[in-house]
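Contents: one structure, followed by commentary.
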Amino acid sequence: MTAPALIALLIAVGFGEPQARAIADYSGTQSGPKLDACAKSPMGDGLFGLTRQLRRDLHREAGTQGCVAPDAQVAFIAQAWPRYYPHCAARFAAGDLHAFRRCFGLGERS
């Protein structure tokens, strides 16, 4: 997947353009520079390097333990991000473009 394609998916689910770019940059650190939707590592899964509960929730919602399609991963992130990290999501929407990497990536909840 290309960064512009991921950014377009993120914008389509409601993220602003600067936020979509910040998320795409984060995704590159998790799934590799080619934004491999099927990326797996001992630490994470997919475009966003999901771990633990988020990984289980994604696969349950997608109905698969295998590779989850990029559009399904993006749709999941759009609803999971504000649900699991409401304070960070509010800061991110307000323009703190480091909030996604800091909160989602490092597991901070506020």
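Out of 40, 34, report the one residue that is closer than 18 Å to residue 2 by Cβ, among the basic types (Lys, Arg) and surrounded by fewer than 20 Cβ atoms within 10 Å (Cβ to Cβ).
Values: 40 fails: closer than 18 Å to residue 2 by Cβ.
So the residue among 40, 34 that is closer than 18 Å to residue 2 by Cβ, among the basic types (Lys, Arg) and surrounded by fewer than 20 Cβ atoms within 10 Å (Cβ to Cβ) is 34.
Test residue 39 against the stated conditions and say whether it is out of contact with any Asp or Glu (no Cβ under 7 Å at 6 or more places or on another chain) and modelled with pLDDT of 95 or more. Before you say what the answer is, go through the steps one by one.
Numbers: out of contact with any Asp or Glu (no Cβ under 7 Å at 6 or more places or on another chain): yes; modelled with pLDDT of 95 or more: no.
For residue 39, the condition - out of contact with any Asp or Glu (no Cβ under 7 Å at 6 or more places or on another chain) and modelled with pLDDT of 95 or more - is not met.
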Legend entry - Selection count where residues are without any contact (Cβ under 8 Å) to a residue 24 or more places away in the chain and closer than 11 Å to residue 70 by Cβ, scope segment 6-17: 1
Inset, instruction - Count, please, the residues in segment 1-47 that happen to be within 16 Å of residue 80 (Cα to Cα) and in a loop (DSSP other than H, G, I, E, B). - result: 3
Legend entry - Which numbered condition residue 49 misses (of (1) in contact (Cβ under 8 Å) with a residue 24 or more places away in the chain; (2) exposed (fewer than 15 other Cβ atoms within 10 Å of the Cβ); (3) of a type in the set (Gly, Ala, Ser); (4) at positive phi): (2)
Legend entry - Which numbered condition residue 46 misses (of (1) touching an Asp or Glu at 6+ places or on another chain (Cβ under 9 Å); (2) modelled with pLDDT under 90): (2)
Legend entry - Residues satisfying the stated conditions in segment 48-72, i.e. under 14 Å from the mean Cα position of the chain (by Cα), in a loop (DSSP other than H, G, I, E, B) and of a type outside the set (A, V, I, L, M, F, W, C): 49, 51
Legend entry - Those residues of segment 76-93 which are assigned to a helix (DSSP H, G or I) and crowded, with 19+ Cβ neighbours inside 10 Å, in sequence order: 76, 77, 80, 81, 88, 89, 92
Legend entry - Condition met for residue 78 (aliphatic (A, V, I, L, M), farther than 18 Å from residue 2 by Cα and at pLDDT 95 or above): yes
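The values are calculated or read from the model by the stated rules, or taken from the named source; none is laboratory data. Note that this is a predicted model, so its numbers are computed, not measured. All Cβ positions, glycine included, derive from the backbone under ideal geometry; neighbour counts span all protein chains shown.
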